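Comments concern the structure below.
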Amino acid sequence: MKTLHPVPVHFDTYDRLRALGAQLLDGARMALPDGTVIFRPDGGGNYAGVWLRDFCDMVEGLGDLVDPSLVIPIADLFFAAQLPDGTLPTRVMADGVADFREGPREAPLGGGPPTDNPQFMAKLLCAHAILTGDGQAFNDRLPALERAFDSLPTDRDGLIQIDANVPRSGYGFTDCVAKSGRELFSNLLLGEAVREVAETLRRFEYHDDAFGWYERSANLGEFAGQFYVPGWRMFMAARDDCKQIDLWGSAYACVTHFATGSQRDAVAGFFLDHYDECVWHGHVRHLPTGQYWDKLLAPIEPETYQNGGYWAVASGWVAQAIATLLPERAATMIADVVAEFEEHGVHEWIHPDNGRHVPGYVASIACLLSSVRPTSRKKLGQ
């Protein structure tokens with residue numbers, strides 16, 4: 001559950017972002033052969049299906065703009081394809097068929113699904129329950145959700161770990177990266193999702209089930225500290241392969257409060273000191289300028305996509321972290337993102353030398369809206 005304060009933005013800016021988000025949702029909407037309405041990650045048809053993490057981001061950031069009657073049927077598409085061991089697919093394509101690994105069907109990435117699908121399903125169901133007040137739909141799917149969590153590759157401490165001998169995608173927005181060992185972002189999502197499930201169950205007075213999830217949350221302990229490198233003032237992406245500065249993960253550790261107060265201050269200070277090495281037009285690289293992933297699951301050229309492109313998905317998290325030390329700089333960063341959106345459109349990733357790619361990408365604006373709040377409107381007549 002994102003717990004750092006959202007960055008305040010002028011209510012007019014907030015309204016413009018929501019209006020733009022509504023347009024992107026309309027463009028992303030399509031129907032499967034059986035008539036089930038889904039939302040593609042983008043409105044341009046680059047991604048022909050519904051991805052679990054992208055849809056979760058949409059409901060979290062644009063939830064009141066998504067018809068609530070469509071959410072559970074989409075979630076059930078993933079549960080209908082759940083494997084006997086609990087594994088959930090990562091996407092359901094336009095032909096209605098579920099895929100479990102990232103990458104093209106004819107050349108999927110790694111030896112298994114990314115290590116974040118159960119977390120995003122949990123966050124999706126929690127967001128829907130809070131938005132609609134429908135705790136029953138959430139509770140009815142709890143057994144299937146529990147099986148999904150049990151399918152994650154965890155070690156004896158309950159933390160997600162990727163075996164270097166069986167490479168697979170970790171966090172889905174780094175699905176082309178061959179991280180191994182304990183992986184930061186998937187574990188941040190794990191801690192966040194387990195906590196959200198516990199709190200949602202408590203909210204709807206399913207106290208016995210809530211206790212078990214609270215206990216699971218407590219058993220994870222203060223896991224984030226093992227990824228923190230004091231000399232870097234940042235968190236590493238993974239403990240083994242790709243033991244590198246993780247810009248997105250460091251910011252998200254702050255947002256979710258898995259970073260301590262001193263770690264949060266250090267991360268925010270790093271972003272302020274190295275801002276131009278991390279951010280362009282308010283969009284954020286995965287690694288600082290001049291750094292590229294040590295190992296990849298797909299041949300991604302430097303300064304492109306997940307290996308040097310700039311993304312708005314992480315912009316709000318970085319701005320939230322920066323705002324703890326310098327609110328004015330965070331506000332400027334958000335303004336830069338909005339200016340990019342309004343001048344050039346909303347894209348999946350951009351780059352000063354390598355262009356803008358995948359227009360109409362909904363998660364870019366949905367994640368940003370999750371990290372900001374509108375300032376109070378003036379009273380009518382003033």
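The values are calculated or read from the model by the stated rules, or taken from the named source; none is laboratory data. Quantities reported herein were computed from a predicted structural model and do not represent experimental measurements. Neighbour counts run over all protein chains shown; Cβ positions are idealised from the backbone, glycine included.
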Among the residues that make up segment 115-135, is at least one of them charged (D, E, K, R), closer than 20 Å to Gly212 by Cβ and at pLDDT 95 or above?
yes
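Within segment 62-83, is even one residue of a type in the set (Phe, Trp, Tyr) and either within 26 Å of Cys254 (Cα to Cα) or in contact with a Gly (Cβ under 6 Å, 6 or more places away or on another chain) (or both)?
Narrowing segment 62-83 to residues of a type in the set (Phe, Trp, Tyr): 78-79.
If we keep only those that are either within 26 Å of Cys254 (Cα to Cα) or in contact with a Gly (Cβ under 6 Å, 6 or more places away or on another chain) (or both) too, we end up with none.
Taking every residue of segment 62-83 in turn, none turns out to be of a type in the set (Phe, Trp, Tyr) and either within 26 Å of Cys254 (Cα to Cα) or in contact with a Gly (Cβ under 6 Å, 6 or more places away or on another chain) (or both).
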Could you check, for segment 296-305, whether at least one of its residues is within 16 Å of His357 (Cβ to Cβ), assigned to a helix (DSSP H, G or I), touching a His at 6+ places or on another chain (Cβ under 7 Å) and in contact (Cβ under 8 Å) with a residue 60 or more places away in the chain?
no
Out of curiosity, is Ala193 surrounded by 22 or more Cβ atoms within 10 Å (Cβ to Cβ) and more than 23 Å from Asn219 (Cβ to Cβ)?
no
Within segment 69-92, is even one residue surrounded by fewer than 16 Cβ atoms within 10 Å (Cβ to Cβ) and on the phi > 0 side of the Ramachandran plot?
no
Would you say Val197 is of a type in the set (Val, Ile, Thr) and under 22 Å from Ser315 (Cβ atoms)?
no
Inspect segment 246-256 for any residue being acidic (Asp, Glu) and farther than 26 Å from Arg101 by Cα and give the result as yes or no.
no
Answer from Asp276, Asp246 - the residue that is among the acidic types (Asp, Glu), crowded, with 18+ Cβ neighbours inside 10 Å and farther than 22 Å from Ala148 by Cβ
Asp246
Kindly evaluate Gln119 against the criterion of being touching a residue at least 12 places away in the same chain (Cβ under 8 Å), assigned to a loop (DSSP other than H, G, I, E, B) and either within 28 Å of Trp317 (Cα to Cα) or touching a helix residue (DSSP H, G or I) at 6+ places or on another chain (Cβ under 9 Å) (or both).
no
Need a quick list: helices (runs of 4 or more DSSP H) entirely within segment 195-278 having at least 3 residues that are touching a Cys at 6+ places or on another chain (Cβ under 9 Å) and within 25 Å of Pro6 (Cβ to Cβ).
261-273
Residue among Gly316, Gly290, Gly309 that alone is in contact with a helix residue (DSSP H, G or I) (Cβ under 9 Å, 6 or more places away or on another chain), surrounded by 23 or more Cβ atoms within 10 Å (Cβ to Cβ) and either farther than 20 Å from Ala28 by Cα or among the polar types (S, T, N, Q) (or both)
Gly316
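Got a number for residues in segment 333-370 being assigned to a helix (DSSP H, G or I) and touching a residue at least 24 places away in the same chain (Cβ under 8 Å)?
19
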Segment 231-243 residues that are in contact (Cβ under 8 Å) with a residue 40 or more places away in the chain and farther than 17 Å from Gln263 by Cβ, paired with ones that are β-branched (Val, Ile, Thr) and part of a strand (DSSP E or B) (beta carbon under 8 Å, 6 or more apart)
Ala238/Ile162; Cys242/Val177
Out of Leu131, Leu70, Leu109, Leu83, which single residue is within 18 Å of Ala28 (Cα to Cα) and outside any strand (DSSP E or B)?
Leu70
Checking the structure you have, find out if any residue of segment 235-245 is more than 30 Å from Pro104 (Cβ to Cβ) and at pLDDT 95 or above.
yes
